[in-house]
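*Asks:* Have a look at this one before I ask anything.
The values are calculated or read from the model by the stated rules, or taken from the named source; none is laboratory data. This is a predicted model, so every value here is computed, not measured. When we count neighbours, we look across all protein chains shown, and the Cβ atoms used for this are built from the backbone with ideal geometry, even at glycine.
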Amino acid sequence: MPIYEYAPLGPGCEHCANGLEVLAKISDPELQACPHCGGEVQMRISAPNVVAGTAHIMKESHYSERGFTQYRKVEKGVYEKAGGKGPRYISDDGK
(Lines give C-alpha, C1' and ligand atoms only; values in the text may rest on other atoms or scores of the structure.)
Protein backbone atom coordinates (compact mmCIF):
# COMPACT_ATOMS: atom_id res chain seq x y z
CA MET A 1 0.00 0.00 0.00
CA PRO A 2 1.29 3.46 -0.80
CA ILE A 3 1.92 6.21 1.71
CA TYR A 4 0.13 9.45 0.84
CA GLU A 5 1.29 12.85 2.08
CA TYR A 6 -1.16 15.60 3.00
CA ALA A 7 -0.64 19.28 3.82
CA PRO A 8 -3.07 21.45 5.81
CA LEU A 9 -4.84 24.27 3.96
CA GLY A 10 -4.93 26.33 7.15
CA PRO A 11 -2.80 26.58 10.28
CA GLY A 12 -3.59 23.00 11.29
CA CYS A 13 -3.12 21.31 14.62
CA GLU A 14 -0.05 19.81 16.27
CA HIS A 15 -0.66 16.61 14.29
CA CYS A 16 -1.04 18.08 10.78
CA ALA A 17 0.72 21.49 10.89
CA ASN A 18 3.88 20.09 9.24
CA GLY A 19 1.94 17.68 7.05
CA LEU A 20 0.88 14.11 7.67
CA GLU A 21 1.43 10.72 6.05
CA VAL A 22 -1.35 8.17 5.60
CA LEU A 23 -0.91 4.51 4.62
CA ALA A 24 -3.93 3.68 2.44
CA LYS A 25 -5.06 1.48 -0.42
CA ILE A 26 -5.11 3.02 -3.88
CA SER A 27 -8.87 2.41 -3.95
CA ASP A 28 -9.45 4.31 -0.66
CA PRO A 29 -10.95 7.79 -1.01
CA GLU A 30 -8.62 10.79 -0.69
CA LEU A 31 -8.43 12.24 2.83
CA GLN A 32 -10.33 15.54 3.07
CA ALA A 33 -9.74 16.50 6.72
CA CYS A 34 -7.21 15.94 9.49
CA PRO A 35 -8.36 13.02 11.67
CA HIS A 36 -7.43 14.98 14.83
CA CYS A 37 -8.63 18.55 14.32
CA GLY A 38 -10.93 18.20 11.31
CA GLY A 39 -9.02 20.92 9.43
CA GLU A 40 -9.04 20.76 5.66
CA VAL A 41 -6.04 18.99 4.07
CA GLN A 42 -4.80 18.60 0.51
CA MET A 43 -2.81 15.72 -0.98
CA ARG A 44 0.81 16.55 -1.85
CA ILE A 45 2.64 15.22 -4.85
CA SER A 46 5.87 13.72 -3.57
CA ALA A 47 8.92 11.96 -4.95
CA PRO A 48 8.67 8.18 -5.29
CA ASN A 49 10.66 5.88 -3.02
CA VAL A 50 13.62 4.52 -4.97
CA VAL A 51 15.69 1.51 -3.94
CA ALA A 52 19.40 2.29 -3.80
CA GLY A 53 22.26 -0.10 -3.29
CA THR A 54 21.94 -3.86 -3.44
CA ALA A 55 19.33 -4.49 -0.74
CA HIS A 56 16.70 -5.32 -3.38
CA ILE A 57 18.77 -8.10 -4.99
CA MET A 58 17.74 -11.62 -4.03
CA LYS A 59 20.07 -13.53 -1.75
CA GLU A 60 22.04 -16.39 -3.27
CA SER A 61 20.08 -19.05 -1.39
CA HIS A 62 16.83 -17.82 -2.94
CA TYR A 63 17.98 -18.51 -6.50
CA SER A 64 18.23 -22.27 -6.10
CA GLU A 65 14.93 -22.40 -4.19
CA ARG A 66 13.22 -20.77 -7.19
CA GLY A 67 15.01 -22.78 -9.88
CA PHE A 68 17.42 -20.04 -11.03
CA THR A 69 21.18 -19.87 -11.19
CA GLN A 70 23.17 -16.78 -10.27
CA TYR A 71 26.59 -16.07 -11.74
CA ARG A 72 29.21 -13.54 -10.65
CA LYS A 73 31.75 -12.04 -13.05
CA VAL A 74 35.29 -13.15 -12.11
CA GLU A 75 37.15 -11.80 -15.13
CA LYS A 76 36.40 -10.54 -18.62
CA GLY A 77 34.06 -13.03 -20.27
CA VAL A 78 34.19 -15.55 -17.39
CA TYR A 79 31.47 -16.02 -14.78
CA GLU A 80 31.47 -18.21 -11.67
CA LYS A 81 28.32 -19.78 -10.22
CA ALA A 82 27.23 -18.07 -6.99
CA GLY A 83 24.03 -19.98 -6.37
CA GLY A 84 21.61 -22.46 -7.88
CA LYS A 85 22.09 -25.40 -10.25
CA GLY A 86 24.24 -25.24 -13.35
CA PRO A 87 27.86 -25.37 -14.45
CA ARG A 88 30.43 -23.92 -12.04
CA TYR A 89 31.88 -21.58 -14.69
CA ILE A 90 30.58 -20.12 -17.95
CA SER A 91 32.54 -18.09 -20.47
CA ASP A 92 31.85 -16.28 -23.70
CA ASP A 93 34.40 -18.37 -25.62
CA GLY A 94 32.24 -21.52 -25.35
CA LYS A 95 34.58 -23.46 -23.01
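*Asks:* In the range 1-18, which residues are in a loop (DSSP other than H, G, I, E, B) and farther than 13 Å from CYS37 by Cα?
*Replies:* Selection gives MET1, PRO2, ASN18.
*Asks:* Now for a different question. Hey, among GLY94, GLY19, GLY67, GLY39, which residue is more than 30 Å from TYR6 (Cβ to Cβ), modelled with pLDDT of 80 or more, over 20 Å from the mean Cα position of the chain (by Cα) and not basic (Lys, Arg)?
*Replies:* Only one candidate qualifies: GLY67.
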